[in-house]
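Undergrad: Before anything else, here's the structure in question.
Read-outs: derived from the displayed coordinates by stated rules, not from any lab. Note that this is a predicted model, so its numbers are computed, not measured. Virtual Cβ from ideal backbone geometry, glycine too; neighbours counted across all protein chains shown.
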Amino acid sequence: MIDPPAGAPAPPTVRTAGSASRGAGRGRLRGAGNYLAFVPFLAYIGLFLIVPTLIVAGGAFLSIQGDPTLDNVIQLFTDEVFVSAFITSIQLALGTAILGAVVGGLLAWAVARGDPNGQLRQVVVAASGVLAQFGGVMLAFAFLATFAGTGLVTLFFKNVLHVGVPYDTTWLFGLTGLVVVYAYFQIPLMLIVFLPSLDGLRQEWYDASASLGGSSWAFWRHVGGPILAPSFLGALLLLFTNAFSAYATAAALISQGSPIVTLQISNQLQSEVVLGQENVGKALALGMIVVVTLVMTAYALIQRRASRWVR
Amino acid sequence: MSSHRTVTRLAGLAVVATFVSAACSSSGASVAPSVAASAAASTAPSAAASTAASAAASAAVAPKDATTAAAAGGVDAICAAGKTEGTVNLIATPPDWANYGQMITDFTAKTGIKVKSDQPDVDSAAEIKAANDLKGTGRQPDIFDLTTAVTLANLDKLAPYQVATWADIPDANKEPTGVWTKNYTGFQSIAYDSSLGDITKVADLADPKYKGKVALNGDPLKAGAAFNGVVMAALANGGSADNIAPGVEFFKKLTQSGNLIPVDPAPATIALGTTPIVIDWTYNEVPQIAKLQPSGINWKVIVPSDASPVGAFYNSAINKDASHPAAARCWLEYVFSDAGQNTWLKGGAIPIRLAAMQKAGTLDQAALAAVNPPTTPVVQLTNAQVDAATQYLKDNWKFITILPPK
């Protein structure tokens, strides 16, 4: 990034120029070339991340008539529906991230301990790759078809076992339902992103620790844990944002009350009953950006602390 | 402005009432019909005359800019130009909604114009948003199907066009230049799997045996169908068009008893049995009857006896920035033609030209009998009443939570 401030691109003659100008000219050319390769990425980020973010951030501070206002943002703190949506969203994202990270992490550890070329490992990894992307309406429908009032499992209890259904068939439509359904894609996602780090743990390190008299606990406390901590935290952050920004799965299960932020945004943008709320939706989106920024900042600080031993 | 809207809505009510008395002449006729009938009758001759006159003036206007078919050489000329354009882009037209599926198939068969139906499940506001977002791409919707509130908030997005059957549509149900034209309505109904027992009233929904079974079609703060469901519950519980509080209170009770589930009912959830009782428009639920029969579900659709029937017309309009303007005009001609209007009726919706077609003998009598519309006067909220009810909902529709009860 701190390449020489090449105002204009270096002249093409530099490439074949004599040795006198070689040093500086090459450097400048390479700098420009590097920037050139960077352009598609910048354009991509610009179009799909920066421009939308600016539109959202700008719109949040405009009234529907286009006048500057703080009302939309103030509503985030004063309207109990919005406050509770943020609290629920954060609880849901954090809860399913921790659940996914712990269960998925243990699963990844079990897989990593197994035969690296074994069939079971291949099946588990392939299945996780599919399930991590299994979300939205299909996933919600799968759970409805399994556990709702006329779901397969519910009917099995009723018609085959002839016992009472041991759960309230409406559990899917509450926070419990969302946690369980989200876990369905969070756990496999954790496995996929965390497995490479576990594979990087060498048996030799464990042996070295053992030969120095280290117990299993000592190995994890002083070797395995510190090595894995940065990638574990990274995966945890990924899981948090994954759940925090999820929309379609929740929308398919819950269409009343819009209890989480993404559903509230959809309500503000698309309501055919309450009109002119688009910029309140943008304020809610800005709120989500702020939450993710805070989480990422915290992550960066912890990451720096966790990887201090590397430097 | 707002008084104009009020008149519009009230007259819509009169039209439904007209149809009701026309359809069920044996029952006690209400006061409203004669008003609407005479309004329709008085406008008919003059409008017909002007149509004829402009037809005589020959095709001076290009079909894509025409404000009437006559000005561009007739409906056939419009549709021929539409066929050259090849396609018409629709939005928010699910095949199960008011028989849009058949409407689209029949339209393509008759005119040779392909129909591209995008984002079938979005709400009215999203239609306008898509028109803005996709403007100039050729993928923007050519035709809108809008709730009245969204229509009146976006008049500058709509192109005026008077369909050939303009004279049959009472004045109060159309913008004078044809910027929007009311097209079809349904009645708020309770649709249910009749193996659960008999439901005849809104009050029945509170029965403990229906715990975890009742669904409302959307969030009333977002979807017009659900909003009118709350109005229906209000009417059944001592409320009125001016006071929806009892309806909100009723749904609060259903939520606390666990009878109301927050799932968005769709054909899939109905077939699955997840939402065995649905509060929705008749025209969404009547088509389910035939669909569910093969799977052994006896789906019943009733307009509850403890509330006056609740209706609300949808408005048809052309996108001013349509990429297929002639095809869009051809589509409007079709949905307002006898064939198109009967297609609504077959889907359980009440078409705007129902009274005129009944009089002319062109109405599908079998379809009318199947819809079996209620005989009591229909309640439609005026715009002021909608605004008041919306504000009340914003302040009070806050009792639904996904957190476990404390």
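Undergrad: May I ask for the net charge around residue B:190, where only other residues with Cβ less than 10 Å from the Cβ of residue B:190 are counted and Lys, Arg are +1 while Asp, Glu are -1?
TA: Around residue B:190, the surrounding residues sum to -1.
Undergrad: Follow-up question, since we're still on this one. Quickly work out the residue B:156-to-residue A:216 label distance, labels modelled 7 Å from Cα along the C-beta direction, and quote it in nm with one decimal.
TA: Each label point is offset 7 Å from its Cα along the Cβ direction, giving 7.2 nm.
Undergrad: A further question follows. List the residues, sorted by chain then number, that are 5 or more residues from residue B:68 or on another chain and whose placed amide H is less than 5 Å from its amide H.
TA: B:162
Undergrad: Among B:201, B:64, rank each residue by its count of other Cβ atoms within 10 Å, from fewest to most, as a rough exposure measure.
TA: B:201, B:64
Undergrad: Also, I was wondering about something else. Hey, got the average number of other protein chain Cβ atoms within 10 angstrom for residues in A:271-284?
TA: Mean shielding count: 6.
Undergrad: Tell me, what is the percent relative contact order of chain A, built from C-alpha pairs under 8 Å that lie six or more residues apart?
TA: Worked out over chain A, it gives 26 percent.
Undergrad: May I ask you to derive the relative contact order of the stretch A:153-311, considering only C-alpha pairs under 8 Å and at least 6 residues apart, and to give it as an integer percent?
TA: Relative contact order of the stretch A:153-311: 20 percent.
Undergrad: Can you give me the span-like helices of chain A, meaning DSSP H runs with 24 Å or more of Cα extent along the axis and Kyte-Doolittle mean at or above -1.0?
TA: A:22-45, A:80-113, A:175-200, A:225-244, A:278-306
Undergrad: Below 14 angstrom from the Cβ of residue B:216, what's the summed charge of the other residues (Lys, Arg +1; Asp, Glu -1)?
TA: 0
Undergrad: Antiparallel versus total DSSP beta bridges in the protein assembly as shown: what percent is that, nearest 5?
TA: In the protein assembly as shown, DSSP labels about 70 percent of beta bridges as antiparallel.
Undergrad: Return the long-range amide H neighbours of residue B:277 (sequence gap of 5 or more, or a different chain), with a cut-off of under 5 Å between placed amide H atoms.
TA: Answer set, sorted by chain and number: B:215.
Undergrad: Any idea what the dipole of chain A comes to, in debye rounded to 20, about its Cα centre with Lys/Arg Cβ at +1 and Asp/Glu Cβ at -1?
TA: My answer is approximately 1440 debye.
Undergrad: Show that you can apply the helix-only estimate: for chain A, add -39,500 (n - 2.57) for every DSSP H stretch of four or more residues, divide by all residues, and state [θ] at 222 nm to the nearest 500.
TA: Helix contribution divided over all residues of chain A: -22000 deg cm²/dmol.
Undergrad: Hey, another quick one. FRET efficiency for residue A:74 and residue B:253, Cβ-Cβ distance as r, R0 = 35 Å, nearest 0.05?
TA: Step by step, r from the Cβ atoms, then E = 0.60.
Undergrad: Setting aside same-chain residues fewer than 8 positions from residue B:253, which aspartates and glutamates have a Cα under 20 Å from its Cα?
TA: Excluding near neighbours in sequence, the set is A:168, B:204, B:207, B:219, B:264, B:280, B:306, B:395.
Undergrad: Go through B:213/B:346; B:211/B:394; B:213/B:252; B:211/B:252 and tell me which ones have a Cα-Cα distance over 22 Å in this structure.
TA: B:213/B:346; B:211/B:394
Undergrad: Let me ask something else about it. Taking the number of other C-beta atoms within 10 Å as the exposure measure, put B:313, A:38 in order starting with the fewest.
TA: In order of increasing Cβ crowding within 10 Å: A:38, B:313.
Undergrad: How many percent of all Cα-Cα pairs in the stretch A:71-310 sit more than 26 Å apart?
TA: So the portion of pairs separated by more than 26 Å is 52 percent.
Undergrad: Here is a follow-up. Please rank B:79, B:330, fewest neighbouring Cβ atoms within 10 Å first, as an exposure proxy.
TA: Lowest to highest Cβ neighbour count: B:79, B:330.
Undergrad: Tell me, what is a quarter of the convex hull surface for the C-alpha atoms of the stretch B:185-290, in nm² with one decimal?
TA: The number I arrive at for the stretch B:185-290 is 6.3 nm².
Undergrad: Strictly over 28 Å apart at the Cα level, which of B:129/B:291; B:110/B:174; B:157/B:291; A:158/B:222; B:157/B:398 would you flag in this model?
TA: In this structure, B:129/B:291; B:157/B:291; A:158/B:222; B:157/B:398 lie more than 28 Å apart at Cα.
Undergrad: Can you figure out the FRET efficiency of residue B:203 with residue B:375, using R₀ = 30 Å and their beta-carbon distance, to the nearest 0.05?
TA: With a Förster radius of 30 Å, E is 0.90.
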